[in-house]
Amino acid sequence: MTEIPLQDHIAPNGEPMTVRDLASCPPPERWQDWMEYDAKAWPRKVERHYELIPTICFNCEAACGLLAYIDKETGRIKKFEGNPYHPGSRGRNCAKGPATINQINDHERILYPMKRAGKRGEGKWERTTWDEALESIAAKIRAAIVENRRDEVMYHVGRPGHDGYMERVLGAWGVDAHNSHTNVCSSSGRFGYHIWCGLDRPSPDHANARFILLISAHLETGHYFNPQAQRIIEGKMKGAKLAVMDPRLSNTASTADYWLATWPGSEAAVLLAMARIILVEKLYNREYMRRWVNWQEYLAAEHPNEAQTFERFIELLIDLYAEYTPEFAAGESGVAAEMIVDMARQIGHAGTAFAAHTWRAASAGNLGGWQVPRALWFLSVLTGSIGTPGGTAPYAWNKFVPTPFLKPGPTDVWNELLFPPEYPLANYELSILLPYFLKEGRGKVSAYFTRVYNPVWTNPDGTAWIEALTNEQQIELHAALTPTWNETAWYADYVLPMGLASERHDLMSQETHAARWIGFRQPVLRVYEERHGKPVEFTYQANPGEVWEEDEFWIELSWRIDPDGSLGIRRYFESPYRPGAKLTIEEYYRWMFENSVPGLPEAAAQEGLSPLAYMQKYGAFTIPEEKAPVFQINEQAVKPDLLQGASVDAQTGVLTSGGVKVGVMIDGKACEGFPTPSRKLEFYSATMKEWGWPEGAVPGYTHSHVHPSQIDPARGEYLLIPTFRLPTLIHTRSHNAKWLNEISNANPVWIHPRDAQRIGVQTGDLVRVTTDIGYYVNRAWVTEGIRPGVVACSHHMGRWRLATGTGADRWASAKVELGKGQDGIWHMRQVEGVRPYESKDPDSSRIFWREAGVHQNLTFPVHPDPVSGMHCWHQKVTVTPAQRGDRYGDISVDPHKAQEVYQQWLAMTRPQTQRSDGLRRPLWMLRPYKPAASAYQRAQSIREK
Ligand code: SF4
């Protein structure tokens, strides 16, 4: 057997690994016919032959590679293993990757398109055809477009699983329709990075770091966790120190050199104290800061009478952060001052090899949570570790999104249900507020898609979503595109089954490490059939039942919206190879692989393959670094064609060409810089000041809504962390994976022994957790793994269904009664927990767990951060022993109180509706689907066009 080097794959002894080292990773020359002995036939040696086809996991956003083992005798998928040729995951997966086989074989999955047969939410369904569903939905969308109600279409996505496809579809339709889950996920995490550097996610090079700082639990469960976890361990094995800020002793914290059990919301204070030490002790990277921080702009705006020198800037910085002493940070956070000093020095000495990452956690939990990534990035700026080997890059430097053929221009529509005037700086759509906006009459939705998204269960105040979804004046048509049953699909008009990891096409790239790669998700049974001479027109013909994929669905829908091409939509869905003919999904990807991926055609040619065949064979490709560099992109010279005719601002050095900022002069060199107004790293944000938040113009520390001053332990009040993940589950999608539910099937309330003793509860006892709008009843888990005064409950469990057979899978859901009393209060009670049952899967009769967890999110009011729009998840709660009559899983929600809390948080906003420039939002800031500049003008009403 030849030895085939694995990309970036290092053995524990530091040597590059080969396929031969990994006996469980068959080499690709044998993927056509791979033999394994049948384990169940043991001790007989019965050969099983498999064809191995690569695809991409769909159970989280990390996009790890999978290999589907297709049994050549049955034509069925036997199992999934890792794809060793995938640059991000390198053959390794977490438990959720191989558990894809459970989801595919789940006997309760949705196999056919369905249409409601009764009232919405009544739970009556009838099977329909794809054709009927497409015609009906297309008619609704076509009417909205033709009648210029282009703000009445809404596509609400949880897990996109692709890069750019849907933005192209919505662009072709000319609607402002992109809604996302991001403001229950990462709006604040993103905002803190965005305001510094114009890009909104970090990409640490953990493997080469000397010091790694994580805020939350990335190694075990976080963003891109398997690919990043591998590299954190590599870094540690090479001597890097690992520090974790997390009030909970996560698996990650348990492997760290430093565990900082900070009071939630105090993280920015600790980080700023570290920044001050690095400044005072002159551990900062002077040259990097002098060249790349917009200190001149800060001095000119805030200290015009001071010497306009870098040295004076540093002195003023030290003054500015004078109050952030280690003792102050220790007082806020509860972390020892000595540890803060020690860590600050280690970070300073790590210099350009300081890797740092935060995503949800503190950012997602707290009012002003965006100050946490902002303060963390400050440390990266001070150490000059932005985009260096061992440092942290803006995500776009470690990601590659190929351009498709014929890209539509931006729409001229602005949808105020998505970006309302109160939140001009919101990082993503204000999706959690949609039910409130609809109730206030701010608009309506003609056609609403939920796609791999379950707002009734995932969002705060899910009962508000039930009320909106059952109001057919507010939402006229709801189509749920989903691979699994979920609580929101119950309130749909159409439930349309979409494919899992091995049942769909997608192209993905993620910032898993210091490289740029693409991964190709494929419907493996379709590929198998086509390889064996059986043509497949649509993916649902090869998938189980009639499970389809979104890519083909949108092409078909677009043709039905614009059948004769008169709306200008159809042309985006015509073949680039066969003029006028309908685009096939193979052609869509083939064109990109041939034309938009540097180095792929050459690599394919070396193997005598077409670019498409190469991607179908290996499932992933790393862009050669000489074609797409990954380090310090800001230092790159501005391209000569952009320099021609460019003008330089004498004061700021910013280069402008054709009205667009293209770079900045640094020490006489025209550099690309960062996509910010100054093209530098914006320590000072004029944007914040101009848009109503002058106190946020520089990195700072905001007192969270759950700051200790807001919580009175004497009254039995605690801070509830409801956001933490378990490594074996993913939100709403893993409930039909039996192996995962066997591993994780409870979400008790973590409580410190001291607190448990005070209220008199022990592990397993029922407690009532009361929020501002209601309560839930759950079991206590007494543990020293949580800091005193704080309780925590994982958000993964508590799935529920109103019937059996539809609504949610029995592996992980409780049957409940849900209703509104005379007093207007919502109540939920579990009437049947998880039970063994007979089915064609013998494992269903072996279920040993009895509870499905508790759905805590229903009891949370909305807390939209007034700047980023992020829902601030942490709650002030009381925790008491359960009361007489309380039962496990009970939930109570008062919608009137929920409305009051919504109003209180809305009152914290600072709308900028009277601006002389008429802008709704700064033009330079990101929007996931960005309309044309004309749509940013507030005077432009869609109805007037
Ligand atoms: S980390 Fe796990 S769930 Fe996420 S893509 Fe990788 S294998 Fe799948």
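Observations
- Scanning the range 461-475 for residues that are open to solvent by less than 10 Å² (accessible area, probe 1.4 Å) and out of contact with any strand residue (DSSP E or B) (no Cβ under 9 Å at 6 or more places or on another chain) yields a single hit, Trp465.
- Among the strands (runs of 3 or more DSSP E) confined to the range 445-533, the ones with at least 3 residues that are within 16 Å of the ligand (Cβ to nearest atom) are located at 506-508, 517-521.
- One residue from Ser839, Ser916, Ser844 being exposed (fewer than 14 other Cβ atoms within 10 Å of the Cβ), farther than 30 Å from Tyr775 by Cα, in contact (Cβ under 8 Å) with a residue 60 or more places away in the chain and among the small types (Gly, Ala, Ser): Ser839
- Residue within the range 476-494 that is over 29 Å from Trp359 (Cβ atoms), surrounded by fewer than 19 Cβ atoms within 10 Å (Cβ to Cβ) and charged (D, E, K, R) present: yes
- Filtered residue count, the range 331-348, keeping only those that are among the small types (Gly, Ala, Ser) and free of Cβ contacts under 8 Å to residues at least 24 places away in the same chain: 3
- All positions within the range 866-889 that are open to solvent by 10 Å² or more (accessible area, probe 1.4 Å) and either assigned to a strand (DSSP E or B) or more than 28 Å from Gly189 (Cβ to Cβ) (or both): Lys876, Thr878, Thr880, Pro881, Ala882, Gln883, Arg884, Gly885, Asp886, Arg887, Tyr888
- Hey, Tyr324 under 20 Å from Ser266 (Cβ atoms), at pLDDT 95 or above and aromatic (Phe, Trp, Tyr) or not: yes
- The condition of being open to solvent by 10 Å² or more (accessible area, probe 1.4 Å), within 16 Å of the ligand (Cβ to nearest atom) and in contact (Cβ under 8 Å) with a residue 40 or more places away in the chain does not hold for Asn208.
- The lone exception for Gly222 - which of (1) small (Gly, Ala, Ser); (2) surrounded by fewer than 24 Cβ atoms within 10 Å (Cβ to Cβ); (3) within 14 Å of the ligand (Cβ to nearest atom) it fails: (2)
- For the range 635-660, the set of residues classified as modelled with pLDDT under 95, assigned to a strand (DSSP E or B) and surrounded by 14 or more Cβ atoms within 10 Å (Cβ to Cβ) consists of Ser657 only.
- Evaluation of Gln371 against the conditions (1) closer than 27 Å to Asp163 by Cβ; (2) crowded, with 24+ Cβ neighbours inside 10 Å; (3) not hydroxyl-bearing (Ser, Thr, Tyr) shows that the sole unmet condition is (1).
- The residues on offer are Pro708, Pro713, Pro694, Pro675, and the sole one that is open to solvent by 20 Å² or more (accessible area, probe 1.4 Å), modelled with pLDDT under 95 and of a type outside the set (Val, Ile, Thr) is Pro713.
- Only one of the numbered conditions (1) more than 30 Å from Leu557 (Cβ to Cβ); (2) without any contact (Cβ under 8 Å) to a residue 12 or more places away in the chain is not met by Gly599, and that is (2).
- Residues in the range 320-331 that are open to solvent by 10 Å² or more (accessible area, probe 1.4 Å) and not hydrophobic (A, V, I, L, M, F, W, C): Glu323, Tyr324, Thr325, Pro326, Glu327, Gly331.
- In the range 734-754, residue surrounded by the fewest Cβ atoms within 10 Å (Cβ to Cβ) [restricted to those that are touching a Leu at 6+ places or on another chain (Cβ under 9 Å) and either of a type in the set (A, V, I, L, M) or assigned to a loop (DSSP other than H, G, I, E, B) (or both)]: Ile743
- Against the list (1) within 30 Å of Phe58 (Cα to Cα); (2) in contact with a helix residue (DSSP H, G or I) (Cβ under 8 Å, 6 or more places away or on another chain); (3) in a loop (DSSP other than H, G, I, E, B), the condition Glu422 fails is (1).
- Matching residues, the range 890-923, being outside any loop (DSSP other than H, G, I, E, B), of a type in the set (A, V, I, L, M, F, W, C) and over 17 Å from Ile825 (Cα atoms): Trp905, Leu906, Leu919
- Check on Glu672, away from the ligand (no atom under 16 Å from the Cβ), over 29 Å from Ala95 (Cα atoms) and in contact with a Gly (Cβ under 8 Å, 6 or more places away or on another chain): yes
- Residue list for the range 91-134, restricted to those being in contact with a strand residue (DSSP E or B) (Cβ under 8 Å, 6 or more places away or on another chain), open to solvent by less than 40 Å² (accessible area, probe 1.4 Å) and under 21 Å from Thr728 (Cα atoms): Gly91, Gly97, Thr100, Ile101, Ile104, Arg109
- Inspection of the range 774-793 finds no residue satisfying the criterion of being part of a helix (DSSP H, G or I) and open to solvent by 10 Å² or more (accessible area, probe 1.4 Å).
- Filtering the range 332-363 to residues that are within 11 Å of Ile215 (Cβ to Cβ), open to solvent by less than 10 Å² (accessible area, probe 1.4 Å) and not aromatic (Phe, Trp, Tyr) leaves Ala356, His357, Thr358, Ala362, Ser363.
- Residues that are touching a helix residue (DSSP H, G or I) at 6+ places or on another chain (Cβ under 7 Å) and among the aromatic types (Phe, Trp, Tyr), drawn from the range 619-666: Phe621
- Residues of the range 192-208 satisfying the condition of being among the acidic types (Asp, Glu) and farther than 17 Å from Ala355 by Cβ: Asp200
- In the set (1) away from the ligand (no atom under 16 Å from the Cβ); (2) surrounded by fewer than 23 Cβ atoms within 10 Å (Cβ to Cβ), the condition left unmet by Val270 is number (2).
- Complete set of residues in the range 534-556 that are within 16 Å of Tyr588 (Cα to Cα), part of a loop (DSSP other than H, G, I, E, B) and touching a strand residue (DSSP E or B) at 6+ places or on another chain (Cβ under 8 Å): Phe538, Glu549
Here's the yes/no breakdown for (1) within 16 Å of the ligand (Cβ to nearest atom); (2) without any contact (Cβ under 8 Å) to a residue 12 or more places away in the chain; (3) within 30 Å of Val293 (Cβ to Cβ):
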site: Ala172; (1), (2), (3): no, no, no
site: Phe191; (1), (2), (3): no, no, yes
site: Ile232; (1), (2), (3): yes, no, yes
site: Gly235; (1), (2), (3): no, no, yes
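- Taking each residue of the range 661-673 that is β-branched (Val, Ile, Thr) and looking for partners that are open to solvent by less than 40 Å² (accessible area, probe 1.4 Å) and assigned to a loop (DSSP other than H, G, I, E, B) with beta-carbon atoms closer than 6 Å, six or more apart or interchain, yields Val662/Val638; Val664/Gly653; Val664/Gly673; Val664/Arg679.
- Lone qualifier among Arg799, Arg754, Arg733 - being within 16 Å of the ligand (Cβ to nearest atom) and either touching a Gly at 6+ places or on another chain (Cβ under 9 Å) or more than 26 Å from Ala480 (Cβ to Cβ) (or both): Arg733
The values are calculated or read from the model by the stated rules, or taken from the named source; none is laboratory data. Keep in mind it's a predicted model, so treat the numbers as computed, not measured. Methodologically, a virtual Cβ is constructed for each residue, glycine included, from the backbone with ideal geometry; neighbour enumeration extends over all protein chains shown. Surface areas here come from the heavy atoms of the whole protein model, side chains and all, with no ligands, DNA or RNA. Shrake-Rupley method; radii C 1.70, N 1.55, O 1.52, S 1.80 Å.
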